[in-house]
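Right, one structure below, let's go through it.
The values are calculated or read from the model by the stated rules, or taken from the named source; none is laboratory data. Here the structure is a predicted model, which means the values were calculated and not measured. Here the Cβ is made from the backbone with ideal geometry for all residues, glycine too, and neighbour counts use every protein chain on show. Heads up: the accessible areas ignore ligands, DNA and RNA and are worked out on the full protein's heavy atoms, side chains in. Shrake-Rupley method; radii C 1.70, N 1.55, O 1.52, S 1.80 Å.
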There are 2 protein chains.
Amino acid sequence: MLFSVQVEVSLREGVADPQGATIERSLPHLGFDGVRGVRVGKSIRFDIDATDEAAARAEVDDLCQRFLTNPVIEDATVSLTAVDASGAGR
Amino acid sequence: MLFSVQVEVSLREGVADPQGATIERSLPHLGFDGVRGVRVGKSIRFDIDATDEAAARAEVDDLCQRFLTNPVIEDATVSLTAVDASGAGR
């Protein structure tokens, strides 16, 4: 079965986010007020082939832990959707 | 009203994604088979203060267009959730 996966990699709470801070500091100069708490992370999308949803989720979790994140400073949030192999939708 | 916003910035279809391609090429060497179509984007989260949801969405769309994305090569997907100002949840 094919699954469509989105992994959101975000910095853990308390970890400094200079990129987010720079965006937040710049916004008032560009006319955007009322924006706060800007945090920048990564969004990684891919398809994975696995026997069932549990197997797919286990493989994605392992992948996040070992390769896609630095677990010391980053968290991963996984969303997983079965893709209809007939091509009728996803 | 306060809204919690997530903006996913992804490369448009057809735009080369060397970072995604590098991840995809590396995975079989690390024991992960069956992963394909890796695309890497950004996930930007922030809170925005606006009079109502329509105003918040308009401001976020403008922000994406002018500042958070390069509209020539990137698309933005916005998710917006009202934050309960009483602090009882979000």
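Values as computed for the structure displayed
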| item | result |
| --- | --- |
| Chain B, relative contact order [Cα under 8 Å, separation at least 6], % | 49 |
| In order through region A:65-71: 3J(HN,Hα) via Karplus (6.51 cos²θ - 1.76 cosθ + 1.60), integer Hz, x for Gly, Pro | 5, 8, 9, 8, 10, 9, x |
| Scaled radius of gyration (Cα, divided by 2.2 N^0.38 Å) that the protein assembly as shown gives | 1.12 |
| For the axis carrying chain A to chain B: nearest C-beta residue of A, whole Å | A:SER43, 2 |
| Shielding by partners - mean other protein chain Cβ count within 10 Å, residues of B:27-34 | 4 |
| Estimated inter-spin distance, B:GLU53 and A:ARG66, nm [label 7 Å along Cα→Cβ] | 4.3 |
| Label distances, nm, A:HIS29 versus same residue in remaining copies, Cβ-directed 7 Å point | 4.1 |
| 222 nm mean residue ellipticity, helices alone, for the protein assembly as shown (DSSP H n ≥ 4; -39,500 (n - 2.57); rounded to 500) | -6500 deg cm²/dmol |
| Shielding by other protein chains, B:73-79, mean Cβ within 10 Å | 0 |
| Cα gyration tensor, chain A - rounded (a/c under 1.5), prolate or oblate | oblate |
| Interface A:B - total buried accessible surface [probe 1.4 Å, Å², rounded to 100] | 2700 |
| Cβ-defined net charge surrounding B:ASP49, 12 Å radius [Lys, Arg +1; Asp, Glu -1] | -3 |
